Amino acid sequence: MIPATTGTRVPLLKLALCLAAVSLMPVSVAQAAPPVPAAAPAEGVLRLRSANAFDETLARLKADVQAKGIRYFDTIDQSALGAQANLKTARSTLVLFGNPPLGVQFLQSNPYAGLDWPVRMLVIEDSDGAVWVAWSDFGFIRQRYRIADRDAQFRMAGEVAQSIATAAATR
């Protein structure tokens, strides 16, 4: 027996059982809800505001593509292209990536869908200094090419794109 603070004695076994029960109780940890894509000032484009600086957002996007085993194709620094033409633009880099076994299915349904594959994500810094990750809404792409036979594939592509954008935009 061990002494209790009230002067009574609590059997050691009872105390051990209470401690064991408390240790098994579920602990609720508040988790922030994932960011929800917002419409961009362009039809069929989704975007997430990044909590990271431009370079960090870009690095996180590329790292998540690689971590998911998705094929990385290229990065195009659009602001550097503008500077080469003596045209100033907002900071803007386009990243091309994709999963050919998934993307080629869209081309099988409509070869013109190749205009939107591989997947493109844009990291852009606006005039206020906010950094955004933007990409084409796969529902919009589905309608654009009138593809009616790949619902599960479009759903998967949309979920993966949002996952990559979220990984790039959050800390």
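Scan the range 134-159 and report the pairs whose first residue is farther than 23 Å from Arg49 by Cα and whose second residue is buried (at least 17 other Cβ atoms within 10 Å of the Cβ) and among the aliphatic types (A, V, I, L, M), with Cβ atoms within less than 7 Å and a gap of 6+ or a chain change.
The qualifying pairs are Tyr145/Ala113; Ile147/Ala113; Gln153/Leu102.
Given the conditions (1) at pLDDT 95 or above; (2) part of a loop (DSSP other than H, G, I, E, B), which single one is not true for Pro41?
The failed condition is (1).
Does at least one position in the range 98-120 carry a residue that is of a type in the set (A, V, I, L, M, F, W, C), under 23 Å from Thr170 (Cα atoms), out of contact with any Gly (no Cβ under 9 Å at 6 or more places or on another chain) and touching a residue at least 24 places away in the same chain (Cβ under 8 Å)?
No, there is no match, as no residue in the range 98-120 is of a type in the set (A, V, I, L, M, F, W, C), under 23 Å from Thr170 (Cα atoms), out of contact with any Gly (no Cβ under 9 Å at 6 or more places or on another chain) and touching a residue at least 24 places away in the same chain (Cβ under 8 Å).
Hey, could you check the range 118-171 for residues that are aromatic (Phe, Trp, Tyr) and closer than 14 Å to Gly103 by Cα and say which is surrounded by the most Cβ atoms within 10 Å (Cβ to Cβ)?
Among residues in the range 118-171 that are aromatic (Phe, Trp, Tyr) and closer than 14 Å to Gly103 by Cα, the one surrounded by the most Cβ atoms within 10 Å (Cβ to Cβ) is Phe138.
Would you check which residues across the range 47-96 are among the basic types (Lys, Arg), within 14 Å of the chain's Cα centre (by Cα) and in a strand (DSSP E or B) and list them?
Arg47, Arg49
Tell me which residues, restricted to the range 74-117, are loosely packed, with under 13 Cβ neighbours inside 10 Å, over 18 Å from Gln143 (Cα atoms) and of a type in the set (S, T, N, Q).
If the condition is that a residue be loosely packed, with under 13 Cβ neighbours inside 10 Å, over 18 Å from Gln143 (Cα atoms) and of a type in the set (S, T, N, Q), then Gln84, Asn86 are the ones that fit.
Which of the residues that make up the range 123-170 are closer than 26 Å to Ser79 by Cβ and of a type in the set (D, E, K, R)?
Glu125, Asp126, Asp128, Asp137 - these are the residues of the range 123-170 that are closer than 26 Å to Ser79 by Cβ and of a type in the set (D, E, K, R).
Give just the number: which of (1) more than 19 Å from Leu61 (Cα to Cα); (2) at pLDDT below 95; (3) of a type in the set (A, V, I, L, M, F, W, C) does Trp117 not satisfy?
Going through the list (1) more than 19 Å from Leu61 (Cα to Cα); (2) at pLDDT below 95; (3) of a type in the set (A, V, I, L, M, F, W, C), Trp117 breaks only (1).
The values are calculated or read from the model by the stated rules, or taken from the named source; none is laboratory data. This is a predicted model, so every value here is computed, not measured. Neighbour counts run over all protein chains shown; Cβ positions are idealised from the backbone, glycine included.
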